[in-house]
Amino acid sequence: MLFTALFHTHKLVVLLFATIYIIKTILLLIGSDNGLEKFTKIIKIPEIIISLLFLLTGGYMVMNIAEFDVLFIIKLVFVFTSIPLAIIGFKKKKKLFALISIFLIVGAYGLAEVHKARLGKRHDFKEEVITNPEAQNYVLSLHGKALYNAQCTVCHGDDGSAGLSGAKDLRYSQKSSEEVKHIINSGKNTMPKIKPALNEQELKALVSYVNGLRKQDL
Ligand code: HEC
């Protein structure tokens with residue numbers, strides 16, 4: 001799965017990138033100009049590769065991200081401010097610049113985590129639209145649609161075709177109802193498992209709605 005692979009690469013690359021910055025900043029702060037120059041020299045080629053991978057994987061993530069919110073934009077601003085600051089900081093041996101740059105990188109990482117937590121929360125299943133199966137006017141497909149809209153459209157889109165965040169096109173899915181149920185309950189790769197867990201009736205409604213999105217002529 002391309003998206004998942006790139007997502008993990010991106011995380012790894014960010015970690016390496018931040019580690020290099022931190023080592024350089026420490027060398028700068030303890031006043032080891034010699035050490036900093038040596039380290040910069042040794043790390044030069046790997047750093048270029050890491051920076052390129054950072055921008056490439058990051059660019060791909062940005063284009064495929066499901067949600068663009070203020071936090072995410074602030075994160076981008078942090079990242080793109082920190083890089084020139086770091087370059088100037090390390091070159092001209094300006095400690096303050098290097099420190100601010102580290103602060104921004106760590107801040108961006110924190111924001112990414114908050115962003116993730118928020119996404120999770122927002123898509124928590126909301127009771128309000130879901131009808132009670134015991135109710136007189138209960139309709140299974142409406143129940144399924146409500147669940148789908150609340151939890152799934154963000155990646156799969158209204159008709160299952162959106163494919164955001166690496167999601168599969170549900171119109172062409174060939175999974176059995178049992179498999180669909182399992183994926184909903186357990187998640188798969190970047191698809192999170194449903195939270196809170198659904199009861200049998202809800203699952204049935206959702207699975208039936210998801211299956212209903214399939215192209216009939218398959
Ligand atoms: C954060 C994005 C995201 C959300 C939200 C999400 N999915 Fe997914 N879904 C994915 C991804 C990514 C895959 C592909 C997983 C894989 O095979 O690597 C996927 C795959 C699936 C599949 C399997 C399709 C196939 O044929 O392989 C089903 C079925 C599915 N999702 C249903 C749902 C339902 C129902 C919901 C709502 C409860 C939902 N998804 C919410 C991202 C998401």
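Order the following by accessible area, largest value first: TYR60, TYR148. Probe radius 1.4 Å; ligands, DNA and RNA are ignored.
Numbers: TYR60 60, TYR148 0 Å².
The residues order as TYR60, TYR148, largest area first.
Kirkwood hydrodynamic radius, segment 1-57, all distinct C-alpha pairs: what's the number in Å?
Details: mean 1/r = 0.0820 Å⁻¹.
About 12.2 Å, per the Kirkwood formula over Cα pairs.
In segment 2-122, if every C-alpha pair distance is counted and binned at 10 Å from zero, what percent goes to each bin?
Spelled out per bin, shortest first, that is 13, 43, 30, 12, 2.
Hey, what number do you get for the chain at 222 nm if only DSSP H runs of n ≥ 4 count, each worth -39500 (n - 2.57), divided across all residues, to the nearest 500?
Dividing the helical sum by the residues of the chain leaves -23500 deg cm²/dmol.
With the convex hull built on the Cα atoms of segment 135-218, state its orientation-averaged projected area in nm².
Working: hull surface 22.3 nm².
Value for segment 135-218: 5.6 nm².
How large, in Å, is the chain by the Kirkwood hydrodynamic radius built from its alpha-carbon pairs? The partial results should precede the final answer.
Details: mean 1/r = 0.0497 Å⁻¹.
For the chain, inverting the mean 1/r across all distinct Cα pairs yields 20.1 Å.
Could you pull the Cα extents of segment 135-184 along its three principal axes, largest to smallest, in whole Å?
Here the spans come out as 39, 22, 15 Å, largest first.
Report the full-extension gain for the segment SER177 to ILE23: residue separation times 0.36 nm, less the Cα-Cα distance, to one decimal in nm.
Working: separation 154, 0.36 × 154 = 55.44 nm, distance 5.14 nm.
Roughly 50.3 nm would be gained on extension.
With a Förster radius of 30 Å, plug the Cβ-Cβ distance of GLN201 and THR153 into 1/(1 + (r/R0)^6) and report the FRET value to the nearest 0.05. Intermediate values should be presented prior to the final figure.
Details: r = 21 Å, r/R0 = 0.70.
That gives a FRET efficiency of 0.90.
Using heavy-atom solvent-accessible surface (probe 1.4 Å) with all chains present, what is the largest-first order of GLU200, GLU179?
Numbers: GLU200 115, GLU179 90 Å².
Of GLU200, GLU179, the descending order of accessible area is GLU200, GLU179.
The values are calculated or read from the model by the stated rules, or taken from the named source; none is laboratory data. Quick caveat, the model's predicted, so the values are computed rather than measured. Counting neighbours? That spans all protein chains shown, and the Cβs are built from the backbone with ideal geometry, glycine included. Keep in mind that these areas ignore ligands, DNA and RNA; they rest on the heavy atoms of the full protein, side chains included. Shrake-Rupley method; radii C 1.70, N 1.55, O 1.52, S 1.80 Å.
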